[in-house]
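Colleague: Below is the structure I would like to discuss, written out as structure tokens.
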Amino acid sequence: MTKKAELHYDGKVYELPIITGAENEKAIDISKLRGQSGLVTLDKGFKNTGSCESAITFLNGEEGILRYRGYSIEDLAEKATFLEVAFLLIYGELPTAEELDNFKEDVSKHTLVHEDVRSILDGFPSKSHPMGVLSSLVSSLTAFYPKSLDPNRSAEEVNGTIIRFIAKLPTLAAWSFKNRMRQPVIYPDNSLDYCENFIRMMFSLPTVNYEINPVVAAALNKLLILHADHEQNCSAATVRIVGSSHASLYASVSAGIAALWGPLHGGANQAVIEMLEEIKADGGDVDKYVAKAKDKSDPFRLMGFGHRVYKNFDPRATIIKKAADDVLSELGIEDPVLDIAMELEKVALEDEYFKARGLYPNVDFYSGIIYRALGIPTDMFTVMFALGRLPGWIAQWKEMRENNEPIGRPRQVYTGATQRKYVAIDKR
Ligand code: CMC
């Protein structure tokens, strides 16, 4: 017998179906509620609202579980390559050796971007934030590939758009960095793997060929996998809702990049390092900043702490903390902000305020320390997050299209003025 929840309101009883997920999580289906009762639900920030059914990522925030298509994040981060994970997220299964070879070859054929992208790039002032540049360049792909504007084309054509996107984003990301540095762009080298090619485009100069350190390439591979998807977060939900109006993949992801940019979402990785630097410059008094974060009259928050879904620990943070230790010791780097980060974590984890609210370090708390060790400047950190998140955004967009989801259009509770008469002002 299908389970139902009952809503008692105004002398009537409304039966609401219960939907059960693959991991036995339960949801009340309220999609017909307004038609039946005139009621809508109110849930600011969608704290308790499922916007879709999805088979991509499973997350249990209480137990700190994260799985892509059923595979644990710990296993994937330890053993897989980023392109393997991208294939898994987008197509639903891990690739066979042959499928992976074909996928890599397809991707490597499309890494070059149209030469006119350079003119667009040249138009940006060097002080432009690379996230703004990236979002604009992604949007500009619609101009170079006008057929991609129609998401209802054949599956083969949509797949071409997807492959091009995976292939070109490293080039666009590295070029947004080169614009910031006012250095000439470096063209892709298709004999290299995904991470190596990106690192080379970032750090080589026409006069100096950057030698790729395998430690750096392996760390980047792990970071990209850890960021590859995270179910219905702010940017994924943005990509789905923009795409639900039948906007193109490039346009939808360009909006997702803008959503990721904010410091409460992906922009936290930049904000964490800026916060740690500030604490260091201020004499390293960790207690002072913990007190500021607890003070409700002070807008300061501990960046890299807290998560909408994880209330015990963020499994990605556990992996990243260890990776930060390994990378720093393998590269022989001592970063004084790492000590501040560890002290901050220790003090906050023992503090009642943080314990009571389930506030723990999230994925962004230690990722910036690794990016810094790899030689990546602070305002590029969120671009790195975007590079990792691309397969997730594509998978979310593709699933939304394949499920033929209706246009996203929330309701509201109106609190403005009731009807009043317009009286013309005396126009002298
Ligand atoms: N420092 C101090 N207090 C905090 C923090 C923090 N970082 N985060 C939450 N709180 C408090 C908040 O003031 C509230 O207290 P009270 O109940 O007394 O009003 C309580 O904890 C619940 O916070 P909330 O803002 O209602 O929780 P939320 O689920 O809406 O927000 C969050 C989640 C991630 C936006 C928030 O924890 C935050 O702003 N963290 C800092 C930014 C950050 O690190 N973001 C990266 C998230 S992980 C990367 C990704 O986006 O995927």
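Colleague: Of I28, M380, V363, which is farthest on the positive side of the dipole of the chain, counting Cα position, with +1 on Lys and Arg Cβ, -1 on Asp and Glu Cβ, and the Cα centre as origin?
Modeller: So the residue we want is I28.
Colleague: Quick one: order M131, M342 from most to least accessible surface, probe 1.4 Å.
Modeller: So, going from the largest accessible area down, we get M342, M131.
Colleague: Order R180, R389, R420, R200, most accessible first, counting only protein heavy atoms with a 1.4 angstrom probe.
Modeller: R420, R180, R200, R389
Colleague: Something else: Dipole magnitude of segment 1-114 about its Cα centre, charges +1 at Lys/Arg Cβ and -1 at Asp/Glu Cβ only, in debye to the nearest 20?
Modeller: Around 720 debye, computed over segment 1-114.
Colleague: Let me ask something else. When the Cα centres of segment 368-428 and segment 155-186 are compared, how far apart do they sit, in Å?
Modeller: 21 Å
Colleague: So, taking all protein chains as they sit and a 1.4 Å probe, how much accessible area belongs to I65, in Å² rounded to tens?
Modeller: Ignoring ligands and nucleic acids, I65 comes out at about 40 Å².
Colleague: Which trypsin sites (Lys or Arg not before Pro) in segment 73-171 sit in a loop by DSSP (not H, G, I, E or B) and have at most 16 other Cβ atoms within 10 Å of their own Cβ?
Modeller: K109, K127, R153
Colleague: Tell me the mean residue ellipticity at 222 nm calculated for the chain from its helices only (DSSP H runs of n ≥ 4, each -39500 (n - 2.57), averaged over every residue, nearest 500).
Modeller: -16000 deg cm²/dmol, from helical runs alone.
Colleague: Among the aspartates and glutamates, which have Cα under 18 Å from the Cα of K280 when same-chain residues fewer than 8 positions away are ignored?
Modeller: Correct list for K280: E334, D335, D339, E343, E345.
Colleague: Out of residues 5 or more away from G284 or on other chains, whose amide H comes under 5 Å of its own, with H placed 1.01 Å from N in the peptide plane?
Modeller: none
Colleague: Next question, about the same structure. Give K178/K346; K47/K421; K127/K355; K104/K178; K127/K294 a once-over and call out the pairs whose C-alpha atoms are over 32 Å from each other.
Modeller: Beyond 32 Å: K178/K346; K47/K421; K127/K355; K127/K294.
Colleague: Express the accessible area of the chain per residue in Å², computed with a 1.4 Å probe while the remaining protein chains stay in the model.
Modeller: Per-residue value: 51 Å².
Colleague: Let me ask something additional. Using a 1.4 angstrom probe with every protein chain in place, what is the largest-first accessible-area order of C195, C234, C52?
Modeller: Of C195, C234, C52, the descending order of accessible area is C234, C52, C195.
Colleague: Could you give the dipole magnitude of the chain about its Cα centre, charging the beta-carbon of Lys and Arg +1 and that of Asp and Glu -1, in debye to the nearest 20?
Modeller: About 2220 debye.
Colleague: Through the Karplus equation 6.51 cos²θ - 1.76 cosθ + 1.60, θ set to phi - 60°, convert the phi angles of segment 338-351 into ³J(HN,Hα) values in whole Hz; use x for Gly and Pro.
Modeller: Each residue of segment 338-351 in turn: 5, 4, 5, 4, 5, 5, 4, 4, 5, 5, 5, 5, 8, 8 Hz.
Colleague: Could you tell me the distance between the Cα centroids of segment 107-139 and segment 3-64, to the nearest Å?
Modeller: Between the Cα centre of segment 107-139 and that of segment 3-64, the gap is 41 Å.
Colleague: Most mobile of S235, S135, S51 per a Gaussian network model of the chain (Cα springs, under 10 Å)?
Modeller: Per the Cα network of the chain with a 10 Å cutoff, S51 tops the list.
Colleague: Pop out the carbon and sulfur fraction of the accessible area of the chain as a percent, whole number, probe 1.4 Å.
Modeller: 52 percent
Colleague: Charges at C-beta only: +1 for Lys and Arg, -1 for Asp and Glu. How large is the resulting dipole of segment 246-373 about its Cα centre, in Debye rounded to 20?
Modeller: Its charge dipole is roughly 700 debye.
Colleague: Next up: Taking segment 1-91, which GluC sites (Glu not before Pro) meet the DSSP loop condition and have no more than 14 other C-beta atoms within 10 Å?
Modeller: Those that pass, being in a loop and sparsely packed, are E23, E25, E53, E62, E63.
Colleague: With θ set to phi - 60°, apply the Karplus curve 6.51 cos²θ - 1.76 cosθ + 1.60 along segment 184-199 and write out the HN-Hα couplings as whole Hz, x wherever there is a Gly or Pro.
Modeller: Each residue's phi maps through the Karplus curve to give x, 6, 10, 7, x, 10, 6, 7, 8, 7, 3, 6, 4, 4, 5, 4 Hz.
Colleague: Could you give the semi-axes, largest first, of the ellipsoid that matches the chain, computed as the square roots of 5 times the alpha carbon gyration tensor eigenvalues and rounded to whole Å?
Modeller: Each semi-axis is √(5λ); the values are 36, 29, 25 Å.
Colleague: If you don't mind, another one. Give me, ordered by chain and number, the residues 5 or more places off F305 or on other chains with an amide H under 5 Å from its own placed amide H.
Modeller: HN-HN under 5 Å from F305: N362.
Colleague: Cα centroid distance between segment 275-303 and segment 190-207, in Å?
Modeller: Cα centroid to Cα centroid, the span is 38 Å.
Colleague: Follow-up. DSSP loop trypsin sites (Lys or Arg not before Pro) in segment 261-333 with at most 15 other Cβ atoms within 10 Å of their Cβ, which ones?
Modeller: Here the sparse-neighbourhood loop sites are K296, R308.
Colleague: With θ set to phi - 60° and the Karplus curve 6.51 cos²θ - 1.76 cosθ + 1.60, what are the ³J(HN,Hα) couplings of segment 251-267 in order, to the nearest whole Hz, using x for Gly and Pro?
Modeller: Here the 3J(HN,Hα) series is 5, 5, 6, 4, 5, x, 5, 4, 5, 5, 4, x, x, 7, 10, x, x Hz.
The values are calculated or read from the model by the stated rules, or taken from the named source; none is laboratory data. As the structure is a prediction and not an experimental result, all values here were calculated from the model. Ideal geometry is used to build each Cβ from the backbone, glycine not excepted, and the neighbour counts take in all protein chains shown. When the accessible area is computed, the model is the full protein with side chains, heavy atoms only, and any ligands, DNA or RNA have been set aside. Shrake-Rupley method; radii C 1.70, N 1.55, O 1.52, S 1.80 Å.
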